[in-house]
Every structure is written in C-alpha cells, then in structure tokens.
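The values are calculated or read from the model by the stated rules, or taken from the named source; none is laboratory data. Bear in mind that the values here come from a model prediction, so they are computed numbers and not experimental data. Glycine also receives a Cβ, built like all others from the backbone with ideal geometry; neighbour counts cover every protein chain displayed.
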Amino acid sequence: MAQYVIDNRPEPIEFEIGDNNLARTLQNAKNLLMTEMGEVPYDRYRGLDPAILHLPFDQMRYELTPEIDRVMLWEPDVEVVEATAVQDDEIGTLITVILECGLEE
C-alpha cells in the first residue's frame, strides 16, 4: 500500500475534488486530525482528545500514535503507520501522521 503524510497545519477544505477518491479520503483523514473530541454533536468521541496535548511532551509522543489510530477509525480506508509531534512556533504542537491507504490514485 502507498503511504501518505498529513499534518495538523490549518488549510482550506478543497470542495472541488471530483471523483478522486484518494484525495477525498486523505482530506477526510486530515479533517479527523483537526477535529477535537467533543466538537461533533451526537458523536462526542470523534476527534483528537485535547488532553493529550497537555501531557508532558515525552508522554504525549508515546501516547500519540494509539490516539491517532483511534481517531482514524472513522476513516476505514486509511491505516496509521506512525504519528510524531514537534514543537512549532507557528501552531504550537505540529502533529505529522504517516498513513497507508489502499485506494489507487
């Protein structure tokens, strides 16, 4: 399977994707990464638990991949390979996720 990288840098949503299922799936995965737990009414467990960002950095990095894996359960076409975090002056904590996706380009 091909691997793709997404992160939590804010970007506009692309509404004109057309029939590109891969681009739509990766955008859905990024939207899940950008969603905080509790934001979605009637589905309060969808999204990243913001408490993980307040843990000591070493502990947060240890617990990040399982948390991202839980979040990506709402996008069944991707599988989390690895998630990393670094401190970024612009956005705070920059989360980078490597995904495997079985869809073809």
In segment 50-100, residues that are over 13 Å from residue 29 (Cβ atoms) and of a type in the set (Phe, Trp, Tyr) total 2
Conditions: (1) loosely packed, with under 12 Cβ neighbours inside 10 Å; (2) in a strand (DSSP E or B). Residue 62 meets all but one. Number of the miss? (2)
In segment 76-90, residues that are closer than 16 Å to residue 5 by Cβ and exposed (fewer than 13 other Cβ atoms within 10 Å of the Cβ) total 1
Go through segment 44-54 and count every residue that is surrounded by 12 or more Cβ atoms within 10 Å (Cβ to Cβ) and either under 15 Å from residue 72 (Cβ atoms) or basic (Lys, Arg) (or both). 6
Residue 32 passes all but one of (1) in contact with a Gly (Cβ under 9 Å, 6 or more places away or on another chain); (2) touching a residue at least 40 places away in the same chain (Cβ under 8 Å); (3) assigned to a loop (DSSP other than H, G, I, E, B); which number fails? (3)
Segment 9-29, subset among the small types (Gly, Ala, Ser) and not in a loop (DSSP other than H, G, I, E, B), residue nearest to residue 84 (Cα to Cα): 29
Residue 94 is checked against (1) under 19 Å from residue 9 (Cα atoms); (2) in contact with a helix residue (DSSP H, G or I) (Cβ under 9 Å, 6 or more places away or on another chain); (3) modelled with pLDDT under 95; (4) of a type in the set (A, V, I, L, M, F, W, C) and fails just one. What number does that condition carry? (2)
The lone exception for residue 73 - which of (1) exposed (fewer than 15 other Cβ atoms within 10 Å of the Cβ); (2) over 11 Å from the mean Cα position of the chain (by Cα) it fails: (2)
